[in-house]
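Please read the structure below before turning to the comments.
The values are calculated or read from the model by the stated rules, or taken from the named source; none is laboratory data. Note that this is a predicted model, so its numbers are computed, not measured. With ideal geometry, Cβ positions are generated from the backbone for all residues, glycine too; neighbour counts draw on all protein chains shown. Quick note on the areas: whole protein, heavy atoms, side chains included, nothing else; ligands and nucleic acids left out. Shrake-Rupley method; radii C 1.70, N 1.55, O 1.52, S 1.80 Å.
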Amino acid sequence: MKDFTINHAISVELPSLFEGRHLINGNWCKSEPGDTFERRSPSHGHIVSRSSRGGEAEANAAILAARTAFDSGVWSRVSGKERSAVLLKVADLIEQNVDRIAMIETLESGKPISQSRGEIEGAADLWRYAASLARSVHGDSHNSLGAEIMGVVLKEPIGVVSIITPWNFPFWILSQKLPFALAAGCTVVVKPSEMTPSTTVMLGELLIEAGIPAGVCNIVLGFGVPVGSVMSSHAEVDMISFTGSTAVGKTISAAASDTLKKVALELGGKNPQVIFPDANLEAASDAVVFGVYFNVGQCCNSSSRIIVHEDIAEKFCDRVVALSQRVRFGDPLDETTQVGAIVTPEHNTKIDTYVKQAQSDGARIALGGERLSVNGLGDQFYQPTVITHVAPDMPIAKDEVFGPVLSVLTFKTLDEAIALTNDSSYGLSAGVWSENVHTCLEFARRAETGTVWTNTWMDGFPEVAFGGVKQSGQGREIGRYGFEEFFEVKSVVMRVGNTRTPWVSQD
């Protein structure tokens, strides 16, 4: 077996059991008749949280609360300044509670504590940016329609929004959606993943502390069936914003179709980084290693495949393997750990099945390829894995594995690199590495993805929209484009004076 850098278990005092409840119409409540579910830490085997298990009754009550609050105007018709003030208070409170929230997120998800902390700190900036947008909403006026007509285009909050979030970035992804919906004047019902429910509840506590009116933000804990199903199909819900797998996204779209509600989806990805011979290979190899191992590879934006020019492929892969052996895998509560635990044993098995299938199909394991045991924590980890000699039609090259597994393909020409990039049902993101600006620009224009990074990977900003094409989703999050998703546009045409010509003859 190859040598890996492993951080073994350290001695840390774990927090007491977190009790999660629903937030409905401003009140914290348990399910009847007291049904609960538990989340055990994938890294430590510690029961982190016990949460109320919601059903149709809780989902319906939360939707009714959101509808009543929206129709009352307590949030939808107040000034942008007032909404902004609440969002800014939430941002401040997030920063005051970073360590407490990050600890629970790490224990529930298995990600390293340093990454959880960065996620929570970064989320505060999303809330501040959304607060700034709340004060800048405007439509259009048309003063060139003739002396008798004035036209105005208004932007109005779309209404009640169902927000369904995944387990891999529970706090960050919620913060890509919730503050923007609130800034627009919408009311919401949130369902976090049953695997990582607690930080959403913590955020709900901060919203109450910041002074958000009752019913504006509601939280229902539980499973996709029945809670997510009700939130997707209910006639009083005007929009669904979902992040998760493509398969579940399709199910949500089907459930929403009967009421023709708006659906915004951020789904999977099989994201390539393309490396040309003239690239800065040192920087590119580091970005590749970061891209595939960050968040344990359980990231829709993971660069899980690289497309390397054949002239440098062997040299570049050797560099990637050497760097991979230096990445610190192990105890997520160790501040130096860079890659933590896999979210569930079942998902670990899925990852390993893809790797073994690739090997059976003729690919070669240059590094890793097995589960990883960490002293004191067990084997719910996976080795850093690099797979070479991958053919474009292999499942490992096409499917979203969602783990610390890198597939390596090669190319000869720019056209071939672009063809390989676009030979995917996904279209979330892609990267290109070259010192030739013309190469980068042509690639960026021809790549069928929602984001293209040139000579970098996974740099993101609240101002820059995020989302995918093809089966990576529809709609956009964050930035002004993401903000616009939460509005309906209404045209108002006004006649000046008694100037309308009668249609019916007056003779």
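So the values come out like this:
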read-out	value
Top-ranked residue in region 5-30 [being closer than 29 Å to Val289 by Cβ and touching a Lys or Arg at 6+ places or on another chain (Cβ under 9 Å); ranked as least open to solvent (accessible area, probe 1.4 Å)]	Asn7
Residue that is part of a loop (DSSP other than H, G, I, E, B) and open to solvent by less than 10 Å² (accessible area, probe 1.4 Å), where the choices are Ser302, Ser285	Ser302
Set Ser31, Ser51, Ser43, Ser76: member being closer than 29 Å to Val137 by Cα and either out of contact with any strand residue (DSSP E or B) (no Cβ under 6 Å at 6 or more places or on another chain) or in contact (Cβ under 8 Å) with a residue 24 or more places away in the chain (or both)	Ser76
Search result, residues across region 43-64 that are open to solvent by 10 Å² or more (accessible area, probe 1.4 Å) and either within 29 Å of Thr344 (Cβ to Cβ) or more than 26 Å from the chain's Cα centre (by Cα) (or both)	His44, Gly45, His46, Ile47, Arg50, Arg53, Gly55, Glu56, Ala57, Glu58, Ala61, Leu64
Flag if Ile113 is closer than 18 Å to Leu174 by Cβ, crowded, with 20+ Cβ neighbours inside 10 Å, of a type in the set (A, V, I, L, M, F, W, C) and modelled with pLDDT of 95 or more	no
Where a residue in region 286-304 is in contact (Cβ under 8 Å) with a residue 12 or more places away in the chain and β-branched (Val, Ile, Thr) and its partner, wherever it lies, is open to solvent by 10 Å² or more (accessible area, probe 1.4 Å) and in a helix (DSSP H, G or I), with Cβ under 6 Å and at least six apart	Val289/Leu323
Residue that is farthest from Gln338 (Cα to Cα) [pool: residues in region 275-318 that are within 30 Å of the chain's Cα centre (by Cα) and among the acidic types (Asp, Glu)]	Glu282
Those residues of region 485-507 which are open to solvent by less than 60 Å² (accessible area, probe 1.4 Å) and out of contact with any helix residue (DSSP H, G or I) (no Cβ under 8 Å at 6 or more places or on another chain), in sequence order	Val492, Gly497, Thr499
All helices (runs of 4 or more DSSP H) inside region 363-467 with 3 or more residues being open to solvent by less than 50 Å² (accessible area, probe 1.4 Å), in contact with a strand residue (DSSP E or B) (Cβ under 6 Å, 6 or more places away or on another chain) and over 28 Å from Ser175 (Cβ atoms)	414-422
Those residues of region 65-90 which are surrounded by 21 or more Cβ atoms within 10 Å (Cβ to Cβ), of a type outside the set (Gly, Ala, Ser) and farther than 28 Å from Ile104 by Cα, in sequence order	Phe70, Trp75, Arg83
Residues that are over 30 Å from Ile10 (Cα atoms) and in contact (Cβ under 8 Å) with a residue 60 or more places away in the chain, drawn from region 305-332	Arg305, Ile306, Ile307, Val308, His309, Glu310, Ala313, Cys317
Ala363 over 26 Å from the mean Cα position of the chain (by Cα) and in contact (Cβ under 8 Å) with a residue 12 or more places away in the chain	yes
Odd one out for Ser84, checked against (1) out of contact with any helix residue (DSSP H, G or I) (no Cβ under 9 Å at 6 or more places or on another chain); (2) closer than 14 Å to Gly185 by Cβ; (3) of a type in the set (S, T, N, Q)	(1)
Among the candidates Leu206, Leu174, Leu182, residue that is among the aliphatic types (A, V, I, L, M) and closer than 26 Å to His138 by Cβ	Leu182
Search result, residues across region 468-507 that are under 24 Å from Trp172 (Cα atoms) and part of a loop (DSSP other than H, G, I, E, B)	Gly468, Val469, Gly475, Arg476, Ile478, Glu485, Phe486
Region 125-156, subset surrounded by fewer than 18 Cβ atoms within 10 Å (Cβ to Cβ) and hydrophobic (A, V, I, L, M, F, W, C), residue farthest from the chain's Cα centre (by Cα)	Ala147
Selected residue (only one of Leu87, Leu93, Leu107 is in a helix (DSSP H, G or I) and within 22 Å of Glu477 (Cβ to Cβ))	Leu87
Segments classed as helices (runs of 4 or more DSSP H), wholly inside region 150-262, with at least 2 members that are modelled with pLDDT of 95 or more and under 23 Å from Lys89 (Cβ atoms)	170-184, 198-210
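Residues checked against (1) within 26 Å of Val48 (Cα to Cα); (2) of a type in the set (Lys, Arg); (3) touching a Leu at 6+ places or on another chain (Cβ under 8 Å):
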position: Gly159; (1), (2), (3): no, no, no
position: Thr165; (1), (2), (3): yes, no, yes
position: Leu206; (1), (2), (3): yes, no, yes
position: Gly249; (1), (2), (3): no, no, yes
position: Ala256; (1), (2), (3): no, no, no
